[in-house]
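The block underneath contains the structure these notes are about, expressed in structure tokens.
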Amino acid sequence: MKKAAIFTLLITFLIGCQQENFLAQQTEKRETQHDYKEEPESFVQVEEEDEEQGEEGIEEEQENEQIDENKDNTLTVIDNPESVSLVVNKQRKLPDGFEPDDLVEANVPYHAAEGDPKRLIRKVAADALEDLFAAAKEDGLELVAVSGYRSYDRQKQIYEYNVETKGQDHADKFSAKPGTSEHQTGLAMDVASAALVAVLEQSFIETEEGQWLEDHAHEHGFIIRYPEGKEDITGYSYEPWHLRYVGKETATEIYQAQVTLEEYFGLYP
Ligand SMILES: [Zn+2]
């Protein structure tokens, strides 16, 4: 009798948990779906594929702990995560759990909800972003900031969910391993044309804003991190919207030499 009562209580508790979980997932799903609608598929594939499903993968996290992120022995852990000259890519990762300690919101228009960590970027880059947006405005162009900081845990959820559901190869092709996303450095920001409501796809370069960024981002310390035709070096397709802060001097040298960050720092043979 007593056993039956405990059993019933346990079942009631478990159902309660499930429902709460389900509701939380549904809410999250609605939120991300809203984002999703306004962002074209190409962006989703390149940058954040299956982000909405990634949320549902949280439960699987425990099971996937055994995935060895360093299994690929070409993966180097960088030792200067606070430097604005750091290079993070598919071969070079940030130390586990790294989080910059000077993340702030820039005083620029955002296409991300109030309080969303995507609005964050490191202070030095936030100041530069404000200058960049002001200069664009002087030239009659309206930019909007879409996605900046992304935490290690967030990237881990996305990646592990993709491994679990689509297999290792697919996950490695379409989502960055935790610690290897440049968004985790706090020095990257995806920027779009305000008129096109955050269209992050390669055709962004055909907009006046996209063209202006290509010509002027370096004057404010940013580079177009994943240039066209450099996929073999950067590991990423052309992303005219992804800006990375490196400082004016480095950005100008990279712009003038038309090289990638990898080539600039001699990390590509
Ligand atoms: Zn990006």
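The values are calculated or read from the model by the stated rules, or taken from the named source; none is laboratory data. Please read all numbers here as calculations on a predicted model, not as lab measurements. As a convention, Cβ positions derive from the backbone with ideal geometry for all residues, glycine included, and neighbour counts pool all protein chains shown.
Each residue in region 222-232 was checked for being within 19 Å of the chain's Cα centre (by Cα) and either surrounded by 14 or more Cβ atoms within 10 Å (Cβ to Cβ) or not assigned by TED's automatic domain parsing to the domain that holds Glu142 (or both), and 6 of them qualify. Are any of the residues in region 168-182 away from the ligand (no atom under 16 Å from the Cβ) and among the polar types (S, T, N, Q)? Looking for residues that are away from the ligand (no atom under 16 Å from the Cβ) and among the polar types (S, T, N, Q), one finds at least one in region 168-182, hence yes. Each residue in region 237-246 was checked for being within 12 Å of the ligand (Cβ to nearest atom) and buried (at least 21 other Cβ atoms within 10 Å of the Cβ), and 6 pass.
Only one of the listed residues (Glu253, Glu209) is more than 19 Å from Leu143 (Cβ to Cβ) and in a helix (DSSP H, G or I). That residue is Glu253.
Residues of region 83-95 being assigned to a loop (DSSP other than H, G, I, E, B) and either of a type in the set (S, T, N, Q) or in contact with a helix residue (DSSP H, G or I) (Cβ under 9 Å, 6 or more places away or on another chain) (or both), which ones?
Answer for region 83-95, where residues must be assigned to a loop (DSSP other than H, G, I, E, B) and either of a type in the set (S, T, N, Q) or in contact with a helix residue (DSSP H, G or I) (Cβ under 9 Å, 6 or more places away or on another chain) (or both): Ser83, Val84, Ser85, Leu86, Val87, Val88, Lys90, Gln91, Leu94.
So that you can scan it fast, the table gives a plain yes or no per residue for (1) buried (at least 19 other Cβ atoms within 10 Å of the Cβ); (2) touching a residue at least 40 places away in the same chain (Cβ under 8 Å):
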{"residue": "Asn80", "(1), (2)": "no, no"}
{"residue": "Ser85", "(1), (2)": "no, yes"}
{"residue": "Val88", "(1), (2)": "yes, yes"}
{"residue": "Pro95", "(1), (2)": "no, yes"}
{"residue": "Val104", "(1), (2)": "no, no"}
{"residue": "Asn107", "(1), (2)": "no, no"}
{"residue": "Glu114", "(1), (2)": "no, no"}
{"residue": "Arg119", "(1), (2)": "yes, no"}
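Listed here are the residues, each with its yes/no results for (1) more than 27 Å from Val163 (Cα to Cα); (2) within 16 Å of the ligand (Cβ to nearest atom); (3) at pLDDT 95 or above.
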residue	(1), (2), (3)
Gln184	no, yes, yes
Val197	yes, no, no
Leu200	no, yes, no
Thr207	yes, no, no
Leu213	yes, yes, yes
His220	yes, no, yes
Arg225	no, yes, yes
Gly235	no, yes, no
Lys248	yes, no, yes
